[in-house]
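What follows is one structure encoded as structure tokens, with my remarks underneath.
The values are calculated or read from the model by the stated rules, or taken from the named source; none is laboratory data. Predicted, not measured: the structure shown is a model, and the values here were computed from it. So basically every Cβ, Gly included, is an ideal-geometry build from the backbone, and we count neighbours across all protein chains shown. Keep in mind that these areas ignore ligands, DNA and RNA; they rest on the heavy atoms of the full protein, side chains included. Shrake-Rupley method; radii C 1.70, N 1.55, O 1.52, S 1.80 Å.
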Amino acid sequence: MLTDQQRRSRGPQELAEIARDLRIAMLKMLHKAGSGHTGSSLSCIDIITALYFSEMRHYPFDAEWTGRDRFVLSKGHAAPALYVALQRAGYISEQTLDQLRQLESVLQGHPDSRRCPGVEASTGSLGQGLSVAHGMALALRDHPEQPRVYALLGDGELQEGQIWEAAMSAAHYHSANLCAIVDHNGLQIDGVVAEIMSVEPVDEKFRAFGWHALTIDGHDFAQILQALEAAQNCTDRPTAIVAKTIKGKGVSFCENSVAWHGKAPNAAELSAALAELTGSRGE
Amino acid sequence: MSSRILSTRAEYGQTLVRLGERSRDIVVLDADLSGSTCTNAFAKRFPERFFNMGISEQDMICTAAGMSLAGKIPFASSFAIFATGRCWEQIRNAVALPGCNVNIVATHGGVTVGKDGASHQALEDVAIMRAIPTMTVIVPCDAVETRKAIEAAAWYDGPVYIRLTRENLPVIYDEASPFRIGVGSIVRAGDDLTIFAVGLMLHIAREAADLLQREGISARIANVSTLKPIDASLVASCAEETGCAVTAEEHNITGGLGDAVGEVLLKTHPVPMERVAVNDAFGRSGDPKDLLRYFDLTPEAIVQASKRAIERKHALAARAKDRKHATPA
Ligand SMILES: Cc1ncc(C[n+]2csc(CCOP(=O)(O)OP(=O)(O)O)c2C)c(N)n1
Ligand SMILES: [Mg+2]
């Protein structure tokens with residue numbers, strides 16, 4: 001078990017290694033399940049890695065500790081990325097990963113907080129997670145441990161009006177313990193976000209709503225950590241981190257592909273993907 | 001009868017194209033699921049009359065309402081959970097209350113959505129749509145009936161909700177089969193009970209009727225695909241002629257087909273009735289077939305329910321006979 005200090009001292013290099021391991025575990029899991037959102041999960045797995053393995057205070061052996069930081073996967077279809085992080089952190093066993101999307105499994109197609117240890121909110125219906133996260137932030141604002149709440153949103157998800165209702169209320173309540181991270185990969189199901197229904201300019205929109213907003217490269221761990229620190233240091237308003245990402249990141253044939261939004265790799269695709277990921281490790 | 005198995009949502013997309021060719025007033029809206037709902041067929045053919053609203057179902061519904069107020073015939077689509085649940089109040093107040101001619105065609109109803117799990121499996125959509133005054137609710141059982149229902153909805157003046165499945169379904173109707181909103185049909189003759197079924201469960205009911213027949217029980221099957229306004233005279237006459245009823249639906253037990261049929265029976269012919277539906281639960285991830293089994297939406301479950309209904313019918317008859325023969329004290 002790591003101390004808070006050890007966890008926080010993990011550098012970009014170490015986090016990148018964890019993220020690569022998680023990508024490998026996740027692709028195997030998705031292949032076994034035969035369905036699931038590969039591109040959407042690869043897109044945000046670096047952000048989730050930075051949160052669970054550096055930024056957030058959380059203790060899997062004391063998962064219900066009220067002072068813990070919370071994470072809400074508002075884009076619930078990226079559940080596989082969350083599940084492998086929860087497994088590595090110690091919330092669920094390795095064998096559990098073999099049961100993704102099965103009838104009696106805690107790993108449902110979309111996160112189920114009543115069933116899966118470590119899942120803070122049930123999601124899957126887009127647009128709701130930021131409100132739920134803000135509710136947590138409001139409930140926790142006087143907690144002596146000053147827990148923080150993180151919500152991960154899709155860029156297509158920003159089309160839901162409720163996101164902007166939550167953006168308004170979080171600014172109104174000066175909820176500085178709330179941090180929204182937008183997985184800005186430029187794609188949604190039907191195609192390119194800018195063509196389906198543009199959400200630009202994202203950072204300026206959040207700023208106009210009264211948020212502290214910054215834009216980063218969502219696959220650069222140094223930038224992710226820096227942005228999370230900037231969010232912590234902003235004490236009068238919520239922070240939105242607009243993370244420029246690549247949908248399918250890390251597997252060449254999944255990258256920037258609409259087709260890979262919601263499908264799992266077959267055997268050949270899995271071995272090609274694993275070759276790429278382990279190759280980059282120099283094995 | 002043919003044994004073709006066809007996608008009802010693909011049929012929806014094709015029907016939209018044909019409707020679009022017939023009338024310039026047909027417009028189609030979707031919320032980032034046009035590949036799954038198959039409205040992309042229309043988008044390809046008539047890009048200027050297709051509006052992808054992005055992931056914003058509430059905006060989509062009210063936009064459709066506005067289009068209808070300006071003379072268009074809108075079809076708005078998404079998954080059943082999002083097309084009804086996310087924007088229920090918009091449907092009630094912006095569409096139905098002013099009497100807008102908006103057609104909401106939702107795909108992915110029920111548990112057979114499969115592995116995406118509970119958040120994506122609408123089991124309440126029929127109930128909440130039925131609860132809205134003036135709303136027409138249709139659950140077709142095959143591609144032919146889907147096409148006819150979509151066409152009927154297009155020319156029908158008023159709000160319509162049509163629920164389709166993700167799964168492909170066997171085709172039981174042919175071109176000559178009539179379809180009218182509010183008119184049900186008997187798809188199998190029988191005298192011992194009537195199984196009222198819609199959508200995917202109509203096919204499960206047909207399997208159940210085969211099983212029952214092997215045990216000497218003759219089950220009538222009635223398709224009441226228009227759940228609202230339901231074909232009350234068909235429901236009543238079936239109840240009168242067969243003396244008991246079973247309902248079968250891929251929906252929660254509250255507010256759907258069971259209640260729609262039950263309401264008619266209570267008023268006309270209160271005969272014993274049993275319901276096959278999801279027993280007040282949320283869905284979950286799994287293969288569609290496994291999920292149907294898990295939630296007891298099987299031919300066997302319908303057989304059991306049928307036997308219970310028949311037993312109750314016989315018990316009632318026996319009691320009535322006893323009363324008749326009892327000599328007054
Ligand atoms: C309310 C709602 N409407 C529709 C869907 C279906 N859906 C699942 S993922 C998705 C696209 C999401 O795009 P984006 O937010 O950009 O996420 P990405 O996968 O690109 O990270 C849609 C429309 C949903 N889950 N919830
Ligand atoms: Mg996206």
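Worth pointing out:
- The stretch between A:Glu165 and A:Thr66 holds 33.0 nm of extra length on full extension. This uses 0.36 nm per residue minus the Cα-Cα distance.
- For segment A:132-191 versus segment A:221-283, the inter-centroid distance based on Cα atoms is 20 Å.
- The mean number of partner chain beta-carbon atoms within 10 angstrom of a residue's beta-carbon across peptide A:101-107 is 5.
- Within the accessible area of chain A (1.4 Å probe), percent carbon and sulfur: 49 percent
- Estimated FRET transfer efficiency when R0 is 22 angstrom, pair B:Thr134-B:Leu69 (beta carbons, to 0.05): 0.90
- Each of B:Ala189, A:Pro144, B:Ala122 was scored by the projection of its Cα onto the charge dipole of the protein assembly as shown, and the greatest displacement toward the positive side belongs to B:Ala189; charges sit on the C-beta of Lys, Arg, Asp and Glu.
- Peptide packing for A:29-36, B:312-319, B:195-202, B:59-66 was compared via the average number of neighbouring C-beta atoms within 10 Å per residue; ordered from the highest value, the list is B:195-202, B:59-66, A:29-36, B:312-319.
- Hypothetical label at B:Ala189: residues of segment B:211-247 whose amide nitrogen lies under 13 Å (7 Å Cα-Cβ projection): B:219-221
- Within the listed set A:His172, A:His219, A:His77, the Gaussian network model of chain A (springs between alpha-carbon atoms below 10 Å) gives the highest mean-square fluctuation for A:His172.
- For B:Ala76, the residues whose modelled amide H falls within less than 5 Å of its own, excluding neighbours fewer than 5 places apart on the same chain, are B:Leu29, B:Asn103, B:Ile104, B:Val105.
- Here each label is just a point 7 Å from Cα along the line to Cβ, and for B:Arg24 and B:Glu263 those points are 4.0 nm apart.
- Nearest 10 degrees, 0 to 90: helix B:232-242 Cα axis against chain B principal axis: 30 degrees
- Partners for B:Lys324 among lysines (Cα-Cα distance below 29 Å; same-chain residues under 8 apart left out): B:Lys267, B:Lys307, B:Lys313
- About the Cα centre, charge dipole magnitude for chain B (Lys/Arg +1, Asp/Glu -1 at Cβ), debye: 380 debye
- Cα-based shape type of segment B:190-300, given that a ≥ b ≥ c are square roots of the gyration tensor eigenvalues and the cut on a/c is 1.5: oblate
- Computed in the context of the full set of protein chains, the accessible area of chain B at 1.4 Å probe radius has 52% of its extent on carbon or sulfur.
- Relative contact order (%) - criterion: Cα under 8 Å, at least six apart; region: segment A:4-278: 23 percent
- Mean per-residue shielding of peptide A:150-163 is 3, counting Cβ atoms of other chains within 10 Å of each Cβ.
- Global geometry of segment B:5-170, whether rounded, prolate or oblate, following the gyration tensor of its Cα atoms and the 1.5 cut on a/c: rounded
- B:Ile5-A:Asp142 pseudo-label distance in nm [points 7 Å out on the Cα-to-Cβ vector]: 6.0 nm
- Average other protein chain Cβ within 10 Å of Cβ, residues B:27-35: 4
- Two-site label geometry, A:Arg207 and A:Ser93: point separation in nm, points 7 Å out along Cα→Cβ: 5.1 nm
- The lysines within cross-link reach of A:Lys75, meaning a Cα-to-Cα straight distance under 19 Å and a gap of 8 or more places when in the same chain, are A:Lys244, A:Lys247, A:Lys249, A:Lys263, B:Lys115.
- A DSSP coil position with no more than 16 other Cβ atoms inside 10 Å describes the following chymotrypsin sites (Phe, Trp or Tyr not before Pro) in segment A:39-104: A:Trp65.
- Residues B:Glu300 and B:Lys321, FRET efficiency given R0 of 25 Å [Cβ-Cβ distance, rounded to 0.05]: 0.20
- Evaluated with a Cβ-only charge set (Lys, Arg +1; Asp, Glu -1), segment B:5-170 carries a dipole of roughly 260 debye about its Cα centre, given to the nearest 20.
- Between helix B:57-69 and chain B: long-axis angle, C-alpha atoms, 0 to 90°, nearest 10: 80 degrees
- Applied to segment A:33-41, the Karplus parametrisation 6.51 cos²θ - 1.76 cosθ + 1.60 on θ = phi - 60° returns per-residue 3J(HN,Hα) values of 5, x, 7, x, 9, 5, x, 5, 7 Hz, with x for Gly and Pro.
- The residues of the protein assembly as shown expose on average 39 square angstrom of accessible surface per residue, using a 1.4 Å probe on protein heavy atoms.
- Extension reserve of the B:Glu151-B:Asp174 stretch, reckoned as 0.36 nm per residue once the Cα distance is removed: 6.7 nm
- Peptides B:126-139, A:12-25 ranked from most to least packed by the mean count of surrounding Cβ atoms within 10 Å: B:126-139, A:12-25.
- Occluded residues from segment B:100-138, i.e. those whose accessible area drops by 20 Å² or more once the chain is not alone (1.4 Å probe): B:Lys115, B:Asp116, B:Ser119, B:His120
- Stretch gain in nm, segment A:Arg57-A:Asn233, where the contour uses 0.36 nm per residue and the Cα spacing is subtracted: 61.8 nm
- In the A-B interface, the accessible area buried, summed over both sides, Å² (probe 1.4 Å): 2000 Å²
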